[in-house]
Structures are given as structure tokens and as C-alpha cells.
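The structure appears below as C-alpha cells.
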Amino acid sequence: MPAFALALDTQTIAIAVALLIAAALLVALLARAGVGRRAPRPPSELPLPKPAERPQPPPPVAPAALPPERLAREQRAGEQLQSAQDALAAAEARLSRDAAARAEVDRRRREVSDAQRKLEYERRKIAEAEEKARREAETAARAKAEAEARAAEEARLAAERAAQEEARRKLAEAEAGRTLAEGLAKTRGGFMARINAFVGAAKELDDATLAELEEILFSADVGVRTATRLLDSVRERLKRRELSDVSRVKAALREEVERILSLGVAPGESGHGGLPDLPPGTPPPQVVMVVGVNGTGKTTTIGKLAARLEQAGKSVILGAGDTFRAAAGEQLDVWADRAGVPIVRGKDGSDPGAVLFDAVTRAKAEGIQVVLCDTAGRLHTKANLMEELKRLKRTLEKAHPGSPHEILLVVDATTGQNAIAQARQFHEALGVTGFVLAKLDGTAKGGVIIGICDELKIPVRYVGVGEKVADLKPFDPHEFVEALFS
Ligand SMILES: Nc1nc2c(ncn2[C@@H]2O[C@H](COP(=O)(O)OP(=O)(O)OP(=O)(O)O)[C@@H](O)[C@H]2O)c(=O)[nH]1
Ligand SMILES: [Mg+2]
């Protein structure tokens, strides 16, 4: 193997050497051929050639005649050149003209498109304006229709309210309520029944009979003083021999009771019966403060009174001055609604003085004739009721100097003789100008009215014989006595 390798190497080297020799021969041949083709360089020992001398102008020669055919061709060529140049100039002129025209066209195009855009813009604006005008017209038409509908609805409601008002008025008028005689039925059945039984029995008017009469009168809730006074008047008449027998006692008592209830005012003269008119020259509104212990019937009386005054053609406003009892305001609200009169209310627990002040102020501003002021009958606070009422009275005086023109004390007939003490207390604190005896229908103790008039000399304005508007009766002493003694 190494011998074979050695032989191979020798052979390879011999081939490589042969190839190198052949390549060297080829290179030498090629180099020789290249040298032979190059320009022969002058031998460096030869003189350099002299620079060329300036050529002399040729001697003048007679012009040779040009072939006419060439001239013609040349002329033709010139003419062709000229014509090409003219065409070129014309083409250039046209080109320049075209360029100006093109620019103008471009400008005009721009103007047209601008004008178009403007036109479109204006058209769009017109469309928008039309749309806006249409919308506005629609809105105006809708508003007009709504206003008309509202006005029609308001007119309908006003007509409805007027009809309801009228119906309410008629109903209030039609609600007959009780007659005074019916309202006094229980009282008649009480002490009047005993008097009737007493006078019905034919007997001598001796001491024993008078003692019996005394006992009847003392049980009549007229109060001790009034009972004594009535008995004394009977004794007087007996002494004057005006009373021949027992049957005359009833007539004597009736006269005496009417005299007491009339407070010395002759029948037909004012002093009783309803709310007195304001004295001439007194500026309205007439302010009426309604007072009394709780539950006597103040609020109900105010409601009935408001309805009565309205029916008589007076304008009335209610002041909800009882802010202590929850629901007192709502109760008065119901009455205001039934009577169809305005009301001023405050929040529960708010200052009643402020409420009444507002009511009077509003009455003054609106020319309302009568202000009926409700008050509380009991306070939740420790404050004294009388002190609170005095304060309210001062507030009303401030709101309208000279007012309250009437302090109406509402007395509950069912409380009997206690009502006399109550009335005295209110009178001493406030100076009561008139009173209302409520709930006469519910009691046999109606005789208390005689006691109050006799002891306090306060005129009776109204009596209440039920809960309807017509159940509040302006007090008439004669009518009352008739109903009581019949
Ligand atoms: N039968 C009858 N009931 C009456 C009369 N007056 C009032 N009432 C009733 O008595 C109750 C008390 O009446 P109100 O008007 O609330 O008495 P008030 O004095 O305002 O009571 P307070 O606000 O609590 O102080 C109510 O149920 C009335 O309906 C009347 O003349 N006859
Ligand atoms: Mg009340």
C-alpha cells in the first residue's frame, strides 16, 4: 500500500510538471504576438517632426455651377424646414393658446364646481331652514292645540267645580237639619218635663209646692244662682198676687227665662242671633277668634259658620290656628272644602300665631270679609292654654288693629253646670264677646244656657243642635224659649 502511494505521487508530480512547462510555452508565444502588433516606436535617435505650418488661403477660383437639381432639393429642404418650423411655431403657438385655454377651463371648472358646491350648500341651507320652519310650525301648532285643550279642560273643570259648588250649596241648604224644638227635645224631656208635670198637677202654691219647684230648678243645670233667682221671681209674683195658681207658674218662668236670655235687649233688637256686623267705619276684615276647651265643637262650629256666612253672600277665610292636635288641620280643611272657602294652614306643631297672622294678612290683601280663627282646646306643652290664647289675641291685634272683633266661646251643652265655670274662666282671661252652645241635641242639660247668660251676661250667638250646617242656629231668645217650653 505505501509503495502504491509513493508510485502515484511520482506519476502525479511528473504530469503536473509537464502541464507547467506547456503553460509557460503558451504564455511566451502569446506575449510575442502582442509585441509584434504594437505601432513601431521611432527610435529615440531620430529628429522629432516640425510643427505644421499655417495653411495658405487657396487661390480664387471661378464658382462652379451647382446642379440645379440639388438647389431645387436644397430649396425644397429649406422650404420643408421653413414649413416644419412654421408648423412647429404654429403648434407651439397653439400649444401656448391651448395652455391658456386649459388654464381658463380649469379655472372655469373650479368656478363651476365652487358654484355648484355653493348652490348645493345654499340648497342644503334652504332645506334645513324649511325643516326648521316646519318643525317650528309643528311645535307652535302642537303648543296651540295643547293650550286650547288645557283651556278647554280648565273651563270644563271650572264648570264642574261651579256645578259641584252649586250642588253643595243646594245640599247644604236642603240638608234640613234639626229644628230647634227637635234639638231641645232631650232638655224638654229633662227638667221641662218635670216642670210640666209640676204645673199639670192642680195643687196649692204653698211652701211645699215651692220647695218642689226649687228642687226641680236646682236639677235643671241652670246653676244655683240662676235657680235661686228664678224661684225668687216666682215668689215675688206670688207676693204681688200675680200668680193665682200653679198653672201660671210655667208662664212666669218662661217670661223670666226669656228676660234672662235676652240680656235686657228688647226682641228684634240686635245683640243675639248670629254674628253682628262690624260697627260702621271699622275696616274689614272682621276677625273672629273661636275658643273653648277641647272637644266642645269649635272646629265644627267654624265649618258650619263658614258655610252659613258664604250662603249669606259673605266672603270667608279660615285660619287653622290649632296646630297642636294632629289632624285638626285636616278636619278644618274638610270643612273649608265643604263650605267652599279658602283656608290658611301651617305644619303640625308650627306657631299658631304665625298661621292666624297669615290668614288675616291674606284676608286684607284679597278683600275677604270674615276671618274665622280656629284655636286649640288643649296644649301638649305645659304652657297654659289661657296664656297661649292671650298671646294669639295680641297677634291678631298686631295683624289687624282693633281685632279680634269677636271672641266666640264654644261651650259643650253636655257638660252642664261645669260650662258656667268654664265660660267664666275664658271670659276673665279674654273678654268673650259671644258664645255658642253646641251639642244641645245630645243632652238634657240645655238649661245651662240660662245660667251662662244670667251669670256672665254674654250674648248667645248660635246654638248647635246637630252636625249639619243647618244645625247651627242663630240664637233667638223668644224662639228658644218657645221651643223649650212648648
Ligand atoms: N251632636 C252634635 N255634635 C256636635 C255638635 N258640634 C260638634 N259636634 C261634634 O263634637 C265633636 C267635637 O267637635 P270639634 O269641632 O272637633 O271640637 P273642637 O272644640 O274643635 O275640639 P278640639 O279641636 O279637640 O279642641 C265632633 O265629633 C263634632 O261632630 C253639635 O252641635 N251637635
Ligand atoms: Mg278643633
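The values are calculated or read from the model by the stated rules, or taken from the named source; none is laboratory data. Everything numeric here is computed off the predicted structure, so don't read it as measured data. Please note: Cβ atoms are built from the backbone with ideal geometry, for glycine as well, and neighbour counts cover all protein chains shown. Ligands, DNA and RNA are excluded from the accessible area calculation, which covers all protein heavy atoms including side chains. Shrake-Rupley method; radii C 1.70, N 1.55, O 1.52, S 1.80 Å.
Can you classify region 266-358 as rounded, prolate or oblate using the Cα gyration tensor, where a ≥ b ≥ c are the square roots of its eigenvalues, rounded means a/c under 1.5, and otherwise it's prolate if a/b beats b/c and oblate if not? Since a/c reaches 1.5 and a/b is larger than b/c, the shape of region 266-358 is classed as prolate. Largest first, the residues His400, His478 sort by 1.4 Å accessible area into His478, His400.
Kindly list the residues of region 191-212 that lie in the label zone of Ser247, defined by a backbone N under 12 Å from the point 7 Å along the Cα-to-C-beta vector. Flagged as within label range: 199-203. Taking the 1.4 Å solvent-accessible surface of region 236-324 as the whole, the part contributed by carbon and sulfur is 49%.
Under a 5 Å amide H cut-off, with hydrogens placed 1.01 Å from N, Leu205 pairs with Val246 among residues at least 5 apart or on other chains.
Which shape class applies to region 180-267: rounded if a/c is under 1.5, otherwise prolate when a/b exceeds b/c and oblate if not, where a ≥ b ≥ c are the square roots of the Cα gyration tensor eigenvalues? If you can, show how the numbers build up before the last one.
Numbers: a/c = 1.57, a/b = 1.19, b/c = 1.32.
Taking the square roots of the gyration eigenvalues as a ≥ b ≥ c, region 180-267 is oblate.
Counting 0.36 nm for each residue step from Ile15 to Arg240 and taking away their Cα separation leaves a gain of 61.0 nm.
Against the empirical curve 2.2 N^0.38 Å, the C-alpha radius of gyration of region 94-167 lands at a ratio of 2.74. Measuring with a 1.4 angstrom probe and ignoring ligands and nucleic acids, Val224 comes out at about 90 Å² accessible. Computed with a 1.4 Å probe over protein heavy atoms only, the accessible surface of region 286-334 comes to 27 Å² per residue. Residue separation of Asp106 and Glu467 scaled by 0.36 nm, minus their Cα-Cα distance, works out to 119.8 nm of gained length. Of Lys203/Lys250; Lys314/Lys390; Lys314/Lys398, which ones are farther than 18 Å apart at the Cα? Check vs 18 Å cut-off fails for Lys314/Lys390; Lys314/Lys398.
Here the accessible area is traced with a 1.4 Å probe on the protein chains. For region 82-217, carbon and sulfur cover 55 percent of it. For Val287, the residues whose amide H sits under 5 Å from its own are Val371, His405, Glu406, ignoring neighbours fewer than 5 places away on the same chain, with H placed 1.01 Å from N.
Heavy atoms of the protein chains alone define the surface here; on that basis region 102-238 has 68 Å² accessible area per residue at 1.4 Å probe size. Annotation for Ala22 and Gln82: the two label points, set 7 Å from Cα along the Cα-Cβ direction, are 7.7 nm apart. Working from label points 7 Å from Cα in the Cα-to-Cβ sense, the Ala91 to Arg135 distance is 6.3 nm. As a fraction of the 1.4 Å probe accessible area of region 350-486, surface on carbon and sulfur atoms comes out at 50 percent.
Sites listed here are GluC sites (Glu not before Pro) in region 191-249 whose DSSP assignment is loop and whose Cβ has at most 10 other Cβ atoms within 10 Å: Glu204.
Simple spin-label estimate for Glu479 and Asn418 gives 3.0 nm between the two label positions (7 Å along the Cα-to-Cβ direction from each Cα).
Within the same chain, aspartates and glutamates fewer than 8 places from Lys393 are excluded, and of the rest, those with a Cα less than 15 Å from its Cα are Asp322, Asp351, Asp358, Asp374, Glu406, Glu428.
Checking the a/c ratio against 1.5 first, then a/b against b/c, what shape does the Cα gyration tensor give for region 329-375?
Working: a/c = 2.25, a/b = 1.07, b/c = 2.10.
Note, shape of region 329-375 comes out oblate.
Of all lysines in the structure, those lying under 17 Å Cα to Cα from Lys468, and not within fewer than 8 positions of it along the same chain, are Lys170, Lys298, Lys304, Lys439.
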